[in-house]
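The values are calculated or read from the model by the stated rules, or taken from the named source; none is laboratory data. Note that the structure is a prediction, hence the values are computed from the model and not measured. Cβ placement follows ideal geometry from the backbone for every residue including glycine, while neighbour counts extend to all protein chains displayed.
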Amino acid sequence: MFKFGTIGAYKQVRNNPRCKASVDLVPGLAVIPNDSSGNAFPPGASSTAKGDVYVVGNIIDKPEIRNKEDFKVLKGEYVLAFNLADLKGLPIELSSDVVVDYDALVKDDVLVPAADKSGKWVKAGDDVAEFKVSLKVLEKNTFGGKGLYLTVQA
């Protein structure tokens, strides 16, 4: 799951609602929208993960969903993708289901998009400076059961 840490973030972040999911997605995953193909896909190479990434931020618009954790943007459905670079310096929250190795994370760790087509966020290595967008862990919280309060670095 994903949510903005401030209400004002909605006013300054660009979004792309024109692309469809190329695979099943959940809010909080990193995606790359491609307007020419009309698809939004998780980064599959380090070059795309290091570029301009967006985060899935669809609202739950399916009345049959009774539990937030069950919500998915299915393949072929439109993705509401928010440009993370626009949120530089602002807080966001992610749930543990979109983060790799949640239990090993501590304050001040930096997360970057995984380049394995999962769309998940992974702890950065020595190449963190090469990424256009990264997320700094401020604290662990209970968002989505187990979550993170982070700040966007771009």
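Of note:
- Residues of region 24-45 that turn out to be in a loop (DSSP other than H, G, I, E, B), buried (at least 18 other Cβ atoms within 10 Å of the Cβ) and out of contact with any helix residue (DSSP H, G or I) (no Cβ under 6 Å at 6 or more places or on another chain), as a count: 3
- Residue check for Ala85: under 20 Å from Pro17 (Cβ atoms), in contact with a Cys (Cβ under 8 Å, 6 or more places away or on another chain) and among the hydrophobic types (A, V, I, L, M, F, W, C): no
- Residue within region 10-22 that is among the small types (Gly, Ala, Ser), more than 11 Å from the chain's Cα centre (by Cα), assigned to a helix (DSSP H, G or I) and surrounded by 12 or more Cβ atoms within 10 Å (Cβ to Cβ) present: no
- If you filter region 53-80 down to residues that are modelled with pLDDT of 90 or more and among the charged types (D, E, K, R), you find that the one that is surrounded by the fewest Cβ atoms within 10 Å (Cβ to Cβ) is Lys75.
- Single match in Asp35, Asp24 (criterion: within 22 Å of Val99 (Cα to Cα) and acidic (Asp, Glu)): Asp24
- Residue, surrounded by the most Cβ atoms within 10 Å (Cβ to Cβ), within region 81-135, restricted to residues that are assigned to a loop (DSSP other than H, G, I, E, B) and within 10 Å of the chain's Cα centre (by Cα): Gly119
- A search for C-beta distances below 8 Å between a residue of region 26-47 that is at positive phi and any residue that is of a type in the set (A, V, I, L, M), counting only pairs 6+ apart in sequence or on different chains, returns Gly28/Met1; Gly28/Val55; Gly28/Val56; Gly28/Leu94; Gly28/Val98.
- Looking across region 48-72, the residues that are in contact (Cβ under 8 Å) with a residue 40 or more places away in the chain, farther than 20 Å from Leu111 by Cα and in a loop (DSSP other than H, G, I, E, B) come down to Phe71, Lys72.
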